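Take a look at the structure set out below.
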Amino acid sequence: MRLRAAALAAIVGILALSACSRAGLARQYEYEEELFLSLDGSADLVVNASVPALVALRGLPFDPSATARLDRDEVRDAFAAPGVEVVRVSRPWRRSGRRYVQVRVSTSDVRTLGRVAPFAWSRYDFTRAGGHATYRQVMGPPARADVPAGAGWTGSEMVAVRLHVPSQIRYHNAPTREIQRGNILAWEQTLSDRLAGRTLDIEVRMDAQSILARTMLVFGVSVGAALLLLAAIIWWVVRTGRARAVR
């Protein structure tokens, strides 16, 4: 029993250390855009960013001080624009002495995101032709490059754009060349590169049919083939039985 208890404790300890290790290695971003794209051109965009990053990169009129109160209604107003719905503004949280906030917006046309002041540094394009769809985003210079006093940045902080693609990817120019979990692509920059205005060019070509629709089509064809085979077997059995009865 003591040996069993010791072994169990060791396993729990190893799992805990593993979880801590993964948490410690998880990349954290000073500014992150996560875009969930649909094949009809609609999209949801989630922004996770520090308040100093929103001030320095997008010129938003917030107090970057760690002790200042962040008015969520003011954040909502800053992200509002015709054709774009602000779905949610989170409660601020703190990390590394800075406040962070999450904003989620939704639009029926991803190309309208460029009308929103915080996203106006990007040009968005989505087209469909010949059974394929193409998404382009070119992120240009920030609204302003001066660093808020007391931000505590080292310049090595990371900025990212993450894209969730709804169908099979045929081409992409993500620097890592990796597709995460089947349909997620990521482009990253250091904060210093983003402040310097280094362009981020994003391009993805994909099937114009979603993965789910393709799966359902394959499933439907398979079920149809199975039913036809079953019908043929039944017909053959009935016909054979009748032939024997005539004899």
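Taken together, the values in this text are just the output of simple stated rules run on the coordinates, not laboratory data. Keep in mind the model is a prediction, meaning the values are calculated, not measured. So basically every Cβ, Gly included, is an ideal-geometry build from the backbone, and we count neighbours across all protein chains shown.
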(message) Based only on other Cβ atoms within 10 Å, what is the fewest-to-most ordering of L57, L228?
(response) L228, L57
(message) With 10 angstrom as the radius, rank T107, T190 by how many other C-beta atoms surround their C-beta, starting from the fewest.
(response) T190, T107
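When DSSP beta bridges are limited to those with both residues in the range 29-213, what percentage is antiparallel, rounded to the nearest 5? Spell out each step's value before the answer.
Working: 52 of 59 bridges.
Bridges in the range 29-213 are about 90 percent antiparallel.
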(request) Please list 132-141, 86-95 highest first by mean number of surrounding beta-carbon atoms within 10 Å per residue. (result) 132-141, 86-95
(message) Need the C-alpha centroid separation for the range 115-159 versus the range 24-81, integer Å.
(response) 11 Å
(message) Which order do the peptides 191-199, 97-105 come out in when sorted by mean C-beta neighbours inside 10 angstrom, highest first?
(response) 97-105, 191-199
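R181 to A149: extension gain in nm, 0.36 nm per residue of separation minus the Cα-Cα distance? The partial results should precede the final answer.
On the way: separation 32, 0.36 × 32 = 11.52 nm, distance 3.89 nm.
Taking 0.36 nm per residue and subtracting the Cα distance, the gain is 7.6 nm.
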(message) Test of understanding: ordering L60, L70, L229 by Cβ neighbours within 10 Å, fewest first, what list do you get?
(response) L229, L70, L60
(request) For the range 29-213, restrict the atom set to alpha-carbon positions and state the Rg and Dmax in Å. (result) 16.5, 54
